[in-house]
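What follows is calculated from the coordinates using simple rules that are stated; it is not laboratory data. Model, not experiment: these values are computed from the prediction. Note: ideal-geometry Cβ built from the backbone for every residue, glycine included; neighbour counts use all protein chains shown.
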Amino acid sequence: MTNITTRILPDPAAYDSNAPATDTLDPTRDAAWMRAFFVHPGWARRGIGRRLLRMAEEGARDAGFRRVELLATHTGAPLNLSCGYRVLAEASSRLSGGALIAGYRMGEEFG
């Protein structure tokens, strides 16, 4: 079973998966923010990550966004680079269970 959830949040750096979204992003000003997706290593290199990325981009475009940002892990960054994303900064995020994910804040503008 796969679940895809979309939430529009005002500040991705302050993400709390248990907190309700109290504000929304403005597509004319802000980037859509992709929180995270992971592909099980047993299913890697079969196009699943690329398809998930494209599906999320379609949703962002349909909502009126002109650009998207995400936090890519070190292992996920090559996929994002191959899809036209660029590194904006080194970044990390702490998950609700306490684990720290280090990687890169990346972005892409829609053409």
List the residues whose amide H sits under 5 Å from the amide H of Leu88, counting only those 5 or more places along or on another chain, with H placed 1.01 Å from N in the peptide plane.
Arg105, Met106, Gly107
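Starting from the Cα-Cα distance between Leu81 and Trp43, subtract it from 0.36 nm times their residue separation and give me the gain in nm to one decimal.
Details: separation 38, 0.36 × 38 = 13.68 nm, distance 1.99 nm.
Result for the pair: 11.7 nm of gain on full extension.
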Sort 83-89, 37-43, 95-101 by the packing proxy (mean of other Cβ within 10 Å over each peptide's residues), most packed first.
83-89, 37-43, 95-101
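Using 0.36 nm per residue of separation minus the Cα-Cα distance, give me the extension gain between Thr24 and Met55 in nm, one decimal. Write out the running numbers ahead of the final one.
Working: separation 31, 0.36 × 31 = 11.16 nm, distance 2.04 nm.
Once the chain is fully extended between Thr24 and Met55, it gains 9.1 nm.
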The stretch 18-105 shape via C-alpha gyration tensor axes, a/c threshold 1.5:
oblate
